[in-house]
Structures are given as structure tokens and as C-alpha cells.
Amino acid sequence: MSFRKVSMIFICVSIGMLISCTTTRKSNRSTKFASNPVVAHRGAFKKNGFPENSIASLKEAIRLKCTGSEFDVRMTADDSLIINHDPHFNKLEIEKTTYAELSQYKLSNGEKLPTLREYLLAGIADNKLTRLVLEIKPSGLGKERGKRIAERSVELVKELEATPMTVYISFDYDILKKVIEVDPKASTQYLNGEKSPEQLKADGIAGADYHFSVFKKNPGWIEEAKKYKIILNAWTVNDAETMDWLLKDGFDFITTNEPELLLEKTRK
Ligand code: MG
């Protein structure tokens with residue numbers, strides 16, 4: 001075989017490998033989220049008695065085909081990112097305890113205390129429908145540590161190529177600003193409820209994820225959000241009447257401990 005022929009074969013094989021590699025990477029990232037507005041709050045935990053924020057509750061939200069599954073991120077004394085709602089785990093203060101000490105204790109279903117890495121890996125496996133709604137809890141040890149938690153969370157999401165699946169939420173506006181600084185493509189929603197949709201738009205925040213009472217007090221914000229293309233999300237909506245009201249007003253997301261009930265309503 002001539003040198004020219006060998007070179008041509010080599011070039012063709014290289015191009016082929018490049019194309020197949022690009023296609024695979026793209027298909028891994030491609031998502032088509034469920035068209036319902038249901039975000040399972042701390043995963044779909046309640047009906048099956050799973051622990052809140054467990055991988056079991058995340059997997060159940062994915063199995064139910066919720067459009068999102070929410071969870072809470074905190075950081076241990078030795079800088080491990082873990083999933084837990086309360087600042088304490090088994091009476092130990094998370095921010096002042098190492099991961100090794102905390103992980104001696106299991107969740108009520110026998111799961112180990114999940115790290116953010118484990119949680120994200122479970123969330124991206126065989127899942128194209130359910131967004132990962134990642135709440136960054138502010139640090140009790142100061143603003144700067146909160147921003148560091150944000151930075152480290154975003155870096156991990158990027159490393160695992162989970163950015164298109166992830167929505168960042170926080171009660172701390174500066175944490176969300178840090179998220180956007182680290183990854184301008186990140187999708188963020190603010191939880192605390194005092195900013196108008198116009199203010200969120202000006203700051204590059206994609207969504208208003210407020211307690212439903214905030215929208216009752218400020219009914220004009222629903223139209224204002226639609227005008228400025230701010231995503232509307234409300235928490236934590238567990239009763240049928242409030243669900244009906246938010247569905248009627250066309251909320252993009254509704255965060256609930258009762259995802260089965262809300263899914264049932266959206267099917268009617
Ligand atoms: Mg939360």
C-alpha cells in the first residue's frame with residue numbers, strides 16, 4: 001500500500017472517530033424535559049416513605065417523569081459538598097463536622113449521606129426528562145463561604161457535564177450572582193421573594209421561585225414575569241386548591257411534596 005493511501009485511510013478514520021465522538025457527547029447532553037410543571041421538593045419522598053434528599057427520592061422523581069427534582073447542598077468542615085436540608089445531620093453541625101464523621105450515620109432507608117457528586121451522577125444516569133434543581137444553602141459561617149459553596153458546586157456540575165440538566169436556586173442573591181459569574185450559561189432562580197421580575201431580569205436571574213403567598217400579595221408579578229420572560233416557580237405547594245390556581249395562571253414550575261397529586265392534575 002502506498003504512503004498516500006495509508007495517509008488517506010488514517011485521515012478518514014480520524015475524521016470518523018471525531019464525528020462519532022462529537023455525536024456521542026452531544027447525545028449525552030441532549031435533553032427533552034418533561035412538559036409538566038412538577039418539581040418534586042427534596043425528591044419524590046413522601047408517598048413511598050423515602051428520606052428527603054435521598055438518592056431514592058431523586059430516582060422516584062425521575063421514574064415519575066417530573067420536570068424537576070429539588071435538593072439542598074451544604075458543605076462540611078473539610079469542604080465536602082453533601083446533600084441535606086437542615087444545617088444539622090444526626091445532631092452534628094454539618095459545617096463544623098468532617099464528612100467522615102457525618103457519614104458514620106446513614107439515612108433512614110440505609111443510604112449513606114449523599115455527596116453532591118454521587119447525587120449528580122445518579123441524576124444524570126438514564127435521565128433526559130427531569131431537571132436537577134440544585135439549592136445552594138447559604139453558609140452559617142459567612143457570606144464568603146456561601147460563595148465558595150456556589151463556586152465549587154458549579155465547577156462540579158460543569159465537570160460532570162450536567163449544566164443543561166441543572167437549575168440553581170438560592171435564598172442568597174449573592175450566591176446566584178456567583179453562580180452566573182462562574183458559569184454565565186447557568187440557569188438560576190431566586191427564592192427569597194422580595195425582588196420584582198424586572199429586577200431579576202436586570203441581574204440576569206432566570207426565574208422567580210417564590211413562596212406561593214408572595215404571588216398572592218403581588219399578583220401583578222405574574223404578568224410582569226411573563227413580560228420579561230422570567231420563569232415562574234412557586235414553593236411549596238401541597239394542596240389541590242393552590243395547585244389549581246397556579247396551573248390556571250400558567251406557572252412554568254410548581255414545587256411540591258405531592259408530585260403524584262400534581263401530576264394527576266396536569267393529566268386531566
Ligand atoms: Mg430546598
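Here is the figure for segment 58-84: residues that are of a type in the set (D, E), closer than 15 Å to T130 by Cβ and within 15 Å of the ligand (Cβ to nearest atom) total 1. Looking at segment 76-177, none of the strands (runs of 3 or more DSSP E) lying wholly inside it contains 3 or more residues that are among the polar types (S, T, N, Q). If you check I94, I124 for being within 16 Å of the ligand (Cβ to nearest atom), under 30 Å from G49 (Cα atoms) and of a type outside the set (D, E, K, R), only one passes: I94. Filtering segment 72-102 to residues that are more than 23 Å from A150 (Cβ to Cβ) and among the small types (G, A, S) leaves only A100. Against the condition of a type in the set (V, I, T), in contact with a helix residue (DSSP H, G or I) (Cβ under 6 Å, 6 or more places away or on another chain) and within 14 Å of the ligand (Cβ to nearest atom), how does I55 come out, does it pass? Answer is no for this residue. Looking across segment 69-111, the residues that are farther than 23 Å from E155 by Cβ, charged (D, E, K, R) and open to solvent by 50 Å² or more (accessible area, probe 1.4 Å) come down to D86, K91, E93, K96, E101, K106.
Examine segment 133-143 for a residue that is away from the ligand (no atom under 16 Å from the Cβ), closer than 15 Å to P164 by Cα and either open to solvent by 10 Å² or more (accessible area, probe 1.4 Å) or touching a Phe, Trp or Tyr at 6+ places or on another chain (Cβ under 6 Å) (or both), and state whether such a residue exists. Looking through segment 133-143, none of the residues is away from the ligand (no atom under 16 Å from the Cβ), closer than 15 Å to P164 by Cα and either open to solvent by 10 Å² or more (accessible area, probe 1.4 Å) or touching a Phe, Trp or Tyr at 6+ places or on another chain (Cβ under 6 Å) (or both). Considered as a group, the residues in segment 32-68 that are touching a residue at least 60 places away in the same chain (Cβ under 8 Å) and polar (S, T, N, Q) include one that is surrounded by the fewest Cβ atoms within 10 Å (Cβ to Cβ), and that residue is N36.
The set of residues in segment 144-176 being within 16 Å of the ligand (Cβ to nearest atom) and among the charged types (D, E, K, R) consists of D172 alone.
The values are calculated or read from the model by the stated rules, or taken from the named source; none is laboratory data. Note that the coordinates shown come from a computational prediction; the quantities given were computed from them, not determined experimentally. Virtual Cβ from ideal backbone geometry, glycine too; neighbours counted across all protein chains shown. Please note that ligands, DNA and RNA were not included when accessible areas were found on the heavy atoms of the full protein model with its side chains. Shrake-Rupley method; radii C 1.70, N 1.55, O 1.52, S 1.80 Å.
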